[in-house]
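Let me begin by presenting the structure, written as structure tokens, before commenting on it.
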Amino acid sequence: MNSPSAESLRHAVGGVIDGVIFDCDGVLVDSERISNGTWALLLTEIGLPMTMEQSLSIFMGNSMPRCVEIVTEMMGHAPPDDLLARFTANVTVALQRDLEPVDGIVALLDTLDAAGMRYGVASNGEHEKMRTTLGKTGLLSRFEGRRFSAVDVGKPKPAPDLFLHAARGLGFDPARTIVVEDSPLGVQGATAAGMTVIGYAEIVSAERLRAAGAVVTVERLADVAGLLGFG
């Protein structure tokens, strides 16, 4: 592909790409609607009426501790102590039942493997959640030794710490790293880390992702290979 978007991406990394860092939820695994639907139901049960769409708008991309802080702010008092435990139990059942890989991700990873392009995953979610979701979708082995969580660094996205931690672990120069993200918070964190972001605009609009710092946006993961020069 030799489109203006591909040229912009290559220019942003100086023509050399060390590797790609993927977000997990919503980019590798189609979990955002499942997780936010489960969260919305639970919040409604504890007295904070919420729809899945509202949950996506308010909570998408945040770490779970930050989500609890937001709930506390919205309710004016702390939620029940077992909120996170109940969410974890409920969402684990829902994910095990309904989760699928994001459309196009398996083919994209196959293309990167064939091209010798290295990649990893950086998520605000905990390691156990990644093991659950990547395991359910058959992607776990593809990220063995290449999974990085915000719990590793203590500062979740939109702080740059997680992305810089992942780059160190993978041996990537941040300035030559491509990140694929689907939330404004993730885009902000990767941009703050000095990385170049492809925004995956499947749930959040392309305009919001570009406003957060994405250099280019796609509506299909199949288009990412072309942007990287493999299409």
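The values are calculated or read from the model by the stated rules, or taken from the named source; none is laboratory data. The shown structure was predicted, so the numbers you read here are calculated from the model rather than taken from an experiment. Cβ placement follows ideal geometry from the backbone for every residue including glycine, while neighbour counts extend to all protein chains displayed. Each accessible area value is taken on the protein alone, full model and side chains, heavy atoms only, with ligands, DNA and RNA left out. Shrake-Rupley method; radii C 1.70, N 1.55, O 1.52, S 1.80 Å.
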For the subset of segment 180-205 comprising residues that are of a type in the set (A, V, I, L, M) and either open to solvent by 20 Å² or more (accessible area, probe 1.4 Å) or in a loop (DSSP other than H, G, I, E, B) (or both), which member is nearest to R10 (Cα to Cα)? M195
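This table checks each residue for (1) closer than 18 Å to S55 by Cβ; (2) open to solvent by 10 Å² or more (accessible area, probe 1.4 Å).
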| residue | (1), (2) |
| --- | --- |
| D81 | no, yes |
| N90 | yes, yes |
| L109 | no, no |
| L112 | no, no |
| M117 | no, yes |
| G120 | no, no |
| L139 | no, no |
| V153 | no, yes |
Checked segment 13-57 for anything farther than 25 Å from H127 by Cβ and under 17 Å from the mean Cα position of the chain (by Cα); matches are S57
All-but-one check, R146 against (1) out of contact with any Leu (no Cβ under 7 Å at 6 or more places or on another chain); (2) open to solvent by 60 Å² or more (accessible area, probe 1.4 Å), failing number (1)
Among (1) crowded, with 21+ Cβ neighbours inside 10 Å; (2) of a type in the set (A, V, I, L, M); (3) out of contact with any Gly (no Cβ under 7 Å at 6 or more places or on another chain), I21 falls short only on (3)
How many residues are outside any loop (DSSP other than H, G, I, E, B), touching a helix residue (DSSP H, G or I) at 6+ places or on another chain (Cβ under 6 Å) and of a type in the set (A, V, I, L, M, F, W, C) if we restrict to segment 151-179? 4
Matching residues in segment 92-107 - criterion: being over 30 Å from I178 (Cβ atoms) and either loosely packed, with under 12 Cβ neighbours inside 10 Å or of a type in the set (D, E, K, R) (or both): V93, R97
Within segment 163-181, does at least one residue satisfy the condition of being assigned by the TED database to the domain that holds V106, without any contact (Cβ under 8 Å) to a residue 24 or more places away in the chain, farther than 15 Å from G61 by Cα and among the acidic types (D, E)? no
Does I70 qualify as being touching a Phe, Trp or Tyr at 6+ places or on another chain (Cβ under 9 Å) and surrounded by 16 or more Cβ atoms within 10 Å (Cβ to Cβ)? no
